[in-house]
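Chemist: Can you keep this structure in mind? I'll have questions shortly.
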Amino acid sequence: MIALDASALLALLFSEPGHEQVEAAYAESCISAVNLSEVMGRFVRDGHDPQGVFANLVESGLEIVPFLGEDAALAAGLLAGTRAAGLSLGDRACIALAMTRGIPALTADRAWSALDLPVSVRVIRG
């Protein structure tokens, strides 16, 4: 199992560099509802219906994980160690999901690899 960051899922959906790594892990992936919102927001910016995007992702079998109070506390706790690298709430939500499940996180954001995070991080772009 692997936790997808929004950047990784967007790379897959738009066939961006590194999408092959996401495709290989997709069948055993999960995503935080926070990161899913980021992905759907990108489609809304492009004029698409977010409900249609949501339905397609659900149909694909991607596990969508609710973002609960405990997750919010974990994500908030990551702020001090990630602020300098510019990690967003979405980034920290993905890391919190990976922490909770004890699984790696998959991202396109190279800044994550320079941080001392409590999870394994796989960056899809070199």
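Chemist: Restricting to the stretch 96-114, name every residue that is assigned to a loop (DSSP other than H, G, I, E, B) and either touching a helix residue (DSSP H, G or I) at 6+ places or on another chain (Cβ under 6 Å) or under 19 Å from A73 (Cα atoms) (or both). Please lay out each step first, then the result.
Modeler: Applying the first criterion (assigned to a loop (DSSP other than H, G, I, E, B)) to the stretch 96-114 yields 102-104, 108-109.
Listed by number, the residues that qualify are G102, I103, A108, D109.
Chemist: When only residues in the stretch 79-104 that are under 27 Å from A24 (Cβ atoms) and free of Cβ contacts under 8 Å to residues at least 24 places away in the same chain count, which is surrounded by the most Cβ atoms within 10 Å (Cβ to Cβ)?
Modeler: Going residue by residue through the stretch 79-104, those that are under 27 Å from A24 (Cβ atoms) are 82, 85, 87-88, 90-104.
Add one more test, that the residue is free of Cβ contacts under 8 Å to residues at least 24 places away in the same chain, and what stays is 88, 92, 102.
Numbers: S88: 15, R92: 24, G102: 10.
By that ranking, first place goes to R92.
Chemist: Got a number for residues in the stretch 108-122 being under 20 Å from E20 (Cα atoms) and touching a strand residue (DSSP E or B) at 6+ places or on another chain (Cβ under 6 Å)?
Modeler: Count: 5.
Chemist: On to the next question. Do we have any residue at all in the stretch 51-73 that's more than 13 Å from the chain's Cα centre (by Cα), aliphatic (A, V, I, L, M) and either within 18 Å of V123 (Cβ to Cβ) or not in a helix (DSSP H, G or I) (or both)?
Modeler: Among the residues of the stretch 51-73, at least one is more than 13 Å from the chain's Cα centre (by Cα), aliphatic (A, V, I, L, M) and either within 18 Å of V123 (Cβ to Cβ) or not in a helix (DSSP H, G or I) (or both), which makes the answer yes.
Chemist: If a residue has to be in contact (Cβ under 8 Å) with a residue 24 or more places away in the chain, more than 20 Å from D71 (Cα to Cα) and either in contact with a helix residue (DSSP H, G or I) (Cβ under 9 Å, 6 or more places away or on another chain) or of a type in the set (S, T, N, Q) (or both) to count, how many in the stretch 19-56 make the cut?
Modeler: The qualifying residues number 6.
Chemist: How many residues, within the stretch 40-51, are at negative phi and either exposed (fewer than 11 other Cβ atoms within 10 Å of the Cβ) or touching a strand residue (DSSP E or B) at 6+ places or on another chain (Cβ under 8 Å) (or both)? If you could, list the steps in order and put the result at the bottom.
Modeler: Step one: filter the stretch 40-51 for residues at negative phi, giving 40-46, 48-51.
So of that shortlist, the ones also either exposed (fewer than 11 other Cβ atoms within 10 Å of the Cβ) or touching a strand residue (DSSP E or B) at 6+ places or on another chain (Cβ under 8 Å) (or both) come out as 45-46, 51.
Going through the stretch 40-51 one residue at a time, the tally reaches 3.
Chemist: Would the stretch 4-18 turn up any residue that is modelled with pLDDT of 95 or more, assigned to a strand (DSSP E or B), in contact with a helix residue (DSSP H, G or I) (Cβ under 9 Å, 6 or more places away or on another chain) and more than 19 Å from G126 (Cα to Cα)?
Modeler: no
The values are calculated or read from the model by the stated rules, or taken from the named source; none is laboratory data. The model shown is predicted, which means the values in this text are computed figures rather than measured ones. For neighbour counting, all protein chains shown are included, and Cβ atoms are generated from backbone atoms with ideal geometry for every residue, glycine included.
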